[in-house]
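The next block holds one structure in the form of structure tokens; read it before the comments.
The values are calculated or read from the model by the stated rules, or taken from the named source; none is laboratory data. Because the structure is predicted, anything quoted here is derived from the model rather than measured. Please note: Cβ atoms are built from the backbone with ideal geometry, for glycine as well, and neighbour counts cover all protein chains shown. Remember, those area values only see protein heavy atoms, side chains included, never the ligands or the DNA or RNA. Shrake-Rupley method; radii C 1.70, N 1.55, O 1.52, S 1.80 Å.
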Amino acid sequence: MRLGVLDVGSNTVHLLVVDAHHGAHPWPAHSEKAVIRLAEQIGRDGELPVAAADALVEAVYEAKLAADRLAVDDLLAFATSAVRDATNASEVLSRVRAETGVLLQVLSGADEARLTFLAVRRWFGWSAGRLLVLDIGGGSLEMAAGIDEEPEFARSLPLGAGRLTREWLDVGPESDRTPSASAVAGLTTYVEEMLDTVVEGTVGVGWDRVAATSKTFRSLARLAGAAPSSDGLWAPRSLSQTGLRQVIGFIRHIPPSKLSELEGVDPRRAHQLLAGAIVASAAMCRLGVENLDICPWALREGVILRRLDLLDPAPRAREPI
């Protein structure tokens with residue numbers, strides 16, 4: 001079966017096509033993305049402007065054409081925090097449906113956390129014991145913990161790297177300056193106060209292993225010395241508090257235009273990396289996490305796995321016990 005996942009996130013519209021069947025590893029067949037940075041375009045009134053809606057419609061239309069060309073059996077299309085938080089979300093979604101034929105399902109923050117948790121659980125398996133999963137997106141931070149495939153605790157906070165960069169640091173992808181010390185201090189205090197509202201509930205569930213997903217965590221881990229992407233999907237990667245503090249110490253003084261030149265940093269998201277690092281550091285400190293493992297699977301894989309779980313298992317001959 002060929003499945004397509006269309007993920008309308010805070011930074012990109014990403015189409016992932018996989019070949020998979022019930023009980024099998026989903027193997028990527030195609031991936032493409034358009035960078036439209038919806039989260040950074042939301043106005044003070046909370047609305048996505050016409051230009052942002054135009055870009056979204058065009059990106060979804062192109063993704064739909066690609067999915068049709070690749071003979072996708074089922075296209076699973078969803079939107080996350082940028083669309084979810086927009087005050088004119090219903091109008092934008094109606095326009096996408098009318099002009100592209102694609103029905104975007106808006107996921108709640110808790111659903112994001114649950115589906116990401118499912119993907120991480122499947123990746124590490126039952127031997128991981130109780131899991132704590134952290135995911136820093138463009139618009140929100142998802143946290144989930146538990147021992148089963150359905151987490152006991154799942155929360156979402158408005159602590160995405162793109163959102164915080166726009167609201168607190170005021171730097172862009174090509175910026176030649178770094179945020180002021182007062183802006184960084186203010187952001188750090190805000191993040192810590194927001195995290196304090198959920199720390200008790202998270203710690204109460206407990207965990208044996210901590211894992212993190214997202215481009216932000218992968219970039220931070222790479223800067224801290226983790227294996228490069230060229231080492232492959234299965235190369236173990238981790239991030240420690242000590243390594244993260246060192247990373248923050250030097251990226252704090254590098255403008256986005258130069259930061260984008262570093263290996264492992266996406267030039268399109270370099271300006272968001274400091275905000276993401278502040279969230280990652282505060283979360284690890286507040287939760288008492290000294291080390292975490294980087295998981296290559298995240299929300300998109302969680303959506304795929306949930307869909308595959310609904311398929312009937314392929315019939316096979318009865319084997320003797």
inquiry  = Could you tell me how many of the residues in the range 13-34 are in contact (Cβ under 8 Å) with a residue 40 or more places away in the chain and surrounded by 15 or more Cβ atoms within 10 Å (Cβ to Cβ)?
reply    = 10
message = Being touching a Leu at 6+ places or on another chain (Cβ under 9 Å) and either open to solvent by 30 Å² or more (accessible area, probe 1.4 Å) or over 24 Å from Ser219 (Cα atoms) (or both) is the filter here; which residues of the range 135-152 pass it?
response = Gly146, Ile147, Glu149, Glu150, Pro151
task = Please verify whether the range 70-85 includes one or more residues that are surrounded by fewer than 16 Cβ atoms within 10 Å (Cβ to Cβ), under 30 Å from Asp170 (Cα atoms) and touching a residue at least 12 places away in the same chain (Cβ under 8 Å).
result = no
request  = Search the range 114-145 for residues being among the small types (Gly, Ala, Ser) and touching a helix residue (DSSP H, G or I) at 6+ places or on another chain (Cβ under 9 Å), and hand back the single one that is farthest from Thr12 (Cα to Cα).
outcome  = Ala128
key: Of all residues in the range 160-194 being in a helix (DSSP H, G or I) and among the polar types (S, T, N, Q), the one that is least open to solvent (accessible area, probe 1.4 Å)   = Thr165
Selection from the range 208-226 of residues that are open to solvent by 30 Å² or more (accessible area, probe 1.4 Å) and farther than 17 Å from Leu299 by Cβ = Asp208, Arg209, Arg222, Leu223, Ala224, Gly225
Cross-chain or 6+ apart pairs with Cβ under 9 Å, the range 280-302 first and open to solvent by less than 10 Å² (accessible area, probe 1.4 Å), then of a type in the set (Phe, Trp, Tyr) = Ala280/Phe217; Val289/Trp207; Leu292/Phe217; Cys295/Trp123; Cys295/Phe124; Cys295/Phe217; Gly302/Phe117
remark   = Counted residues in the range 48-62 being open to solvent by less than 30 Å² (accessible area, probe 1.4 Å) and more than 21 Å from Gly137 (Cα to Cα) come to 1
message = With the requirement that a residue be farther than 16 Å from Ile278 by Cβ and touching a Gly at 6+ places or on another chain (Cβ under 6 Å), what does the range 218-267 give you?
response = Arg222
note = Across (1) over 16 Å from Gly302 (Cα atoms); (2) within 18 Å of the chain's Cα centre (by Cα), Gln41 clears everything bar (2)
key: Looking only at the range 259-272, and only at residues there that are more than 18 Å from Leu164 (Cβ to Cβ) and free of Cβ contacts under 8 Å to residues at least 40 places away in the same chain, the one that is surrounded by the fewest Cβ atoms within 10 Å (Cβ to Cβ)   = Glu261
key: Top-ranked residue of the range 36-72 - restricted to ones that are at pLDDT below 95 and in contact with a Lys or Arg (Cβ under 7 Å, 6 or more places away or on another chain), ranked as nearest to Arg97 (Cα to Cα)   = Ala39
ask   = Which of the residues spanning the range 86-103 are more than 18 Å from Val50 (Cα to Cα) and open to solvent by less than 30 Å² (accessible area, probe 1.4 Å)?
value = Val102
request  = Kindly indicate whether any position in the range 117-134 is farther than 22 Å from His25 by Cβ and open to solvent by 40 Å² or more (accessible area, probe 1.4 Å).
outcome  = yes
